[in-house]
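Novice: One structure follows; several queries about it will come next.
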Amino acid sequence: MKLKHAFMLAASAILSAVAFFGCASEGDSSSSAAAPAKDAAKVKPLVVYWTWSETHNTKVVAEMLQQKTGADIALIEMVTPYPNDFGSVMQLGQRDLQQPKAPAIKEMNLDLSKYNPIYVGTPIWFSTYAPPVRTFLQSYDFTGKTVALFCTHGQGNPATFKYLADAKTAVPAINYFPEVFAHKGTEAANAGPALDAWIQKVSAK
Ligand SMILES: Cc1cc2nc3c(=O)[nH]c(=O)nc-3n(C[C@H](O)[C@H](O)[C@H](O)COP(=O)(O)O)c2cc1C
C-alpha cells in the first residue's frame, strides 16, 4: 500500500510539473490552444473615415475611437476632392449617390488581414453615407471581419438614417455590426461616454 501511495504521489507531481512548465513555456509552439491566442494578439482594430466640413466632426469621433481602442487609423481620400462650397457638394453628393460606384477614391494600401473589427465613419449626407465611404466599402474584401459603422450628423434623427441599410444593399457580403454609432457633429467632442458603451458592445461580439 505504501509503495502504491508513493508511486501515485510521484506521478501526480510529474503531471503537475509538466502542466505548469508546459503552459509557461513561450517556446512551445506545439500546443494547438496557443495558436489562436497568438494570432488574436496580432489582430488590432482599424478606424477608417471620411470627412468634409471644415470642423471635421467625423475625424473628431474617429480619433477618439482610435485612442479608446488602440486602433490604427486611415483617412479615405477622393481622387478629385469635392469643392469646399456647400452648394456644390449638395449637387455633387446627390449626383454620386445616383451612380453605382462613385466617386473614385485614392488607393489606401490597407492589409485588412491585420485588422478586426473595422470601424467605418462618415458624415451623414442626405440621411445616408457620404459617397466616398460607399466606394471604400466596395473596394476591399471584408471576409471574416466585423464592420462597425459610425457617423456624425446635423439636425436629422438617427432613427431615420439609411447608412446601415444602404451599406447592406451596396455590399451585402459584409458582416455589419447591427448598431450604428451616431453622434451630432456639433457635439462630437462629447461623444466619449456613448462611444465607450458602443465599443464595449462591438468588442463583445
Ligand atoms: C451635403 C450634405 C448633406 C447633409 N445631409 C444631412 C442629413 O441628411 N442629415 C443630417 O442630420 N445632417 C446632414 N448633414 C450634416 C452633416 O452630417 C454633419 O454636419 C456632419 O457632422 C459633418 O461631418 P464632417 O465634419 O466630418 O464632414 C449634411 C451635410 C452636407 C454637407
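Novice: So Thr152 fits all but one of (1) at pLDDT below 95; (2) under 18 Å from Trp50 (Cα atoms); what number is the exception?
Specialist: Result: Thr152 passes all but (1).
Novice: Out of the residues in region 38-66 that are more than 13 Å from the ligand (Cβ to nearest atom) and loosely packed, with under 12 Cβ neighbours inside 10 Å, state the one that is modelled with the lowest pLDDT.
Specialist: The selected residue is Lys38.
Novice: Would you list the helices (runs of 4 or more DSSP H) that sit entirely within region 51-157 and hold 3 or more residues that are assigned by TED's automatic domain parsing to the domain that holds Ile174 and either of a type in the set (Val, Ile, Thr) or more than 22 Å from the chain's Cα centre (by Cα) (or both)?
Specialist: Ranges flagged: 57-69, 86-98.
Novice: While we're here: Starting from residues that are among the hydroxyl-bearing types (Ser, Thr, Tyr) and within 16 Å of the ligand (Cβ to nearest atom), keep the ones in region 71-125 and report whichever is nearest to Lys59 (Cα to Cα).
Specialist: Thr122
Novice: If Leu137 passes every condition in (1) touching a residue at least 12 places away in the same chain (Cβ under 8 Å); (2) surrounded by fewer than 20 Cβ atoms within 10 Å (Cβ to Cβ); (3) of a type outside the set (D, E, K, R) but one, which one does it miss?
Specialist: For Leu137, the exception is condition (2).
Novice: Just a yes or no: is a residue in region 76-85 among the β-branched types (Val, Ile, Thr) and closer than 28 Å to Ile199 by Cα?
Specialist: Within region 76-85, one or more residues are among the β-branched types (Val, Ile, Thr) and closer than 28 Å to Ile199 by Cα.
Novice: Select, from Ile105, Ile199, the only residue that is at pLDDT 95 or above and within 26 Å of Pro81 (Cβ to Cβ).
Specialist: On inspection, the qualifying residue turns out to be Ile105.
The values are calculated or read from the model by the stated rules, or taken from the named source; none is laboratory data. On a predicted model such as this, the values are computed, not experimentally measured, just so you know. Every residue, glycine as well, gets a Cβ built from its backbone with ideal geometry; the counts of neighbours run over all protein chains shown.
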